[in-house]
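Reviewing the structure listed below.
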Amino acid sequence: MKYWRETIAVTKRILIELLRRKRSLIFWSIFPISVLILSGFILAERGKLSINVAFEYTAPSTLAGAALFFSCLGGSVATVVAEREQKTLKRLFISPLSGTSYFLGIFLAHSCIGIGQTLLVYTIAGFWGATFKGSVFLGFTIILMCIVAYVGLGFILGTQLARRIEDVNALVAAFGVPLLILGGAFLPSSLFPKTLTNIAKFNPIYHMNEALVAVSAKGDELDKIASHFWFLVVFAVMMVLGGWLSYRRMLIVERKL
């Protein structure tokens, strides 16, 4: 119960701070909506699809490949770096708050943001007649793995590579934009030449996108997306472990400073 109370307290503090600033939440809302609408209408026109079918395909790609990337990965990097700059970690060492609760609290806060973006994207897509055709439970599991993987990777990047807030945008852009394009977030992977398709199979965003599109737009079950699903399981577990180890290493370094 101690860990649970502390985790909820950290989560509430981060979410309340984001609500007070408002700008990040507004931008994290505007970005997926604009990408969704632009991609939906472009796909409908160029692919000769009806509006509802076009949005059924663009909603999962927008969510897994764009919205969650910037909020859960970019947001967790920014949170970790800001907490270091504001000396929050220093105060952690002289408080009864455990490092585990702090780590889980940041995880939970960005998971809440990711779930909020999921509801936002599918609500907007539903306005144009899009429906979720597959298993809601399977789809939610994939979305949750995307969130976990992004936040874990955010901890790794935020603790190992970013030192100041100014580093966050450059870091996310350098790593993120090429991976997003190669993952099919902005262009359908069916348009890729064979060489790029083979390279994309090593990109976790590609597997997130393919798995969620298959379940959401095509109604596929687990057996048809098994390769993508298990790749995500392994990747998410690796990112959580990597994020936790990076976080613990950061605490050791901060104690010495």
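The values are calculated or read from the model by the stated rules, or taken from the named source; none is laboratory data. Note that the structure is predicted; figures quoted are calculated from it, not measured. Using ideal geometry, Cβ is built from the backbone for each residue, glycine included, and neighbour counts are taken over all protein chains shown. Protein only, heavy atoms only, side chains kept; ligands, DNA and RNA dropped before computing areas. Shrake-Rupley method; radii C 1.70, N 1.55, O 1.52, S 1.80 Å.
Annotations for the structure displayed:
- Set of lysines with alpha-carbon distance to residue 87 below 16 Å, sequence-local pairs under 8 removed: 256
- Area accessible to solvent at residue 210, 1.4 Å probe radius, in Å²: 50 Å²
- With a Förster radius of 35 Å applied to the beta-carbon distance between residue 38 and residue 86, the computed FRET efficiency rounds to 0.45.
- Separation of the residue 22 and residue 234 label points, Cα + 7 Å toward Cβ, nm: 4.7 nm
- Two-site label geometry, residue 194 and residue 4: point separation in nm, points 7 Å out along Cα→Cβ: 5.6 nm
- Ligands, DNA and RNA excluded, the heavy atoms of residue 5 present near 140 Å² of accessible surface to a 1.4 Å solvent probe.
- Percent of alpha-carbon pairs separated by more than 14 Å within region 1-54: 68 percent
- Acute angle (nearest 10 degrees) that the helix 75-85 long axis makes with the longest principal axis of the chain, alpha-carbon atoms: 20 degrees
- Computed on the chain, with alpha-carbon pairs under 8 angstrom and 6+ residues apart, the relative contact order is 28 percent.
- Fully extending the segment from residue 140 to residue 30 would add 37.4 nm, taking 0.36 nm per residue of separation and subtracting the current Cα-Cα distance.
- Pairs of Cα atoms farther than 24 Å apart, the chain, %: 47 percent
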